[in-house]
Amino acid sequence: MNQPMQNRALPQVALESTVIAHGLPYPHNLALAQEMERIISAEGAEPRTIGVIAGELVAGLNADQLRHMATATGIRKVSRRDLPLVVAHKLDGATTVATTMWIAQRVGIEVFATGGIGGVHRGDGADISADLQELAQTPVIVVCAGAKAILNLPATLEYLETYGVTVVGYGVDEFPAFYSRTSGLPVDVRCDTPEEVATIWRAKRALGLPGGLLLAVPVPAGDEIPARVIEPLIAQAVAEAEARRIRSAEVTPFLLTRLSELSGEQSLRVNLALLKNNASVAAKIAVALAGERSGVV
Ligand code: PSU
Ligand code: MN
């Protein structure tokens, strides 16, 4: 594995590359990727954006590789099943939540900031993101703004419960719905500080329980789109995806792009705002965990 020189003294935060290559349009994607790294550095942690370059797993894309992810066409979206293929064929690949978690734990990173995890889809209930299985297996704290509201949220939370994934609300009692702060669905526990999250993570480790933890952070209040505004647009985008027989890995990018068009880029602005906020929270969690290990906190 290609591991660039890192400052091992700093707490580490993983970032994914699918959101750069497939989740956001250029040039917003590149600016956002760079900004998330800056935010994490400013909190005293080290950003490690993860991806696959010419078949090499890279935990810490350099500036050129980040630009490549944001601009090149034909970068494959790599979920767990795709990893052997891109490595064997020496391809470039953008890692999803699932593969970013997997690579992060291989290099010892415990905290990962993203936008929204994949989940159980609304239209096709058999379309269940590999992100959920990864959360069940791989020991990483995933900081997100909930599951994307384009999904079936109750079914997604049921799935997480079945597979033993603890869902923590950061400063909230309800699971956030990505574009909106509320969903009407409860989280398992509320934490108001990074230290509280670190304490739960430490307990999980001490128990020897496998899998990750989902830290759900609502989009900042000033940035949210109320559910009543976004909901009809989501329903329309999902109906269009079904009518056009969009399938499998194409579904999420299609819905995100369509939603941005339908909302006059309002959904894009929310997406950018919550990603930056999640980077900040993730860095604080990483710092709290590192302090706890060295006995500072
Ligand atoms: N969140 C976003 N934009 C994205 C994604 C998440 O705001 O593009 C990506 C993540 O990489 C996530 C993936 O893992 O979508 C889920 O895809 P699927 O539903 O096909 O598993
Ligand atoms: Mn899917």
Which of rounded, prolate, oblate describes the chain, given a ≥ b ≥ c as roots of the alpha-carbon gyration tensor eigenvalues and a/c under 1.5 marking rounded, otherwise prolate only if a/b is larger than b/c? rounded
Applied in sequence order to segment 166-180, the curve 6.51 cos²θ - 1.76 cosθ + 1.60 (Karplus, θ = phi - 60°) yields integer Hz couplings, x standing for Gly and Pro, of 6, 10, 9, x, 8, x, 9, 9, 10, 5, x, 10, 6, 5, 10
Percent relative contact order of the chain, based on C-alpha pairs within less than 8 angstrom and at least six residues apart? 20 percent
Between A243 and A9, how high is the FRET efficiency from 1/(1 + (r/R0)^6) when r is the Cβ-Cβ distance and R₀ = 51 Å? Nearest 0.05. 0.45
Amide H contacts under 5 Å for V120, restricted to residues at least 5 apart in sequence or on another chain and with H modeled in the peptide plane, are S129, N152, T156
In whole Hz, the Karplus estimates of ³J(HN,Hα) for segment 51-64 (6.51, -1.76, 1.60; θ = phi - 60°; x where Gly or Pro) are x, 10, 10, 6, x, 9, 6, 10, 10, x, 5, 7, 4, 5
Using amide H atoms built 1.01 Å from N in the peptide plane, name the residues 5+ places from T166, or on other chains, whose amide H lies under 5 Å from its own. L214
Restricting to DSSP loop positions (anything but H, G, I, E, B) with no more than 10 other Cβ atoms inside 10 Å of their own Cβ, which trypsin sites (Lys or Arg not before Pro) remain in segment 1-86? R8
Apply 1/(1 + (r/R0)^6) to the Cβ-Cβ distance of A136 and R202, taking R0 = 22 Å, and write down the FRET efficiency to the nearest 0.05. 0.65
Considering amide H positions built from the backbone, and no H for Pro or chain starts, which residues 5 or more places from T49, or on another chain, come under 5 Å of its amide H? L15, G60, L61
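Each reported figure results from applying straightforward, stated rules to the coordinates on display, with no laboratory input. Values in this document were obtained by computation on a predicted structure and should not be read as measured data. Positions of Cβ are generated from backbone atoms using ideal geometry, with glycine treated the same way; all protein chains shown enter the neighbour counts.
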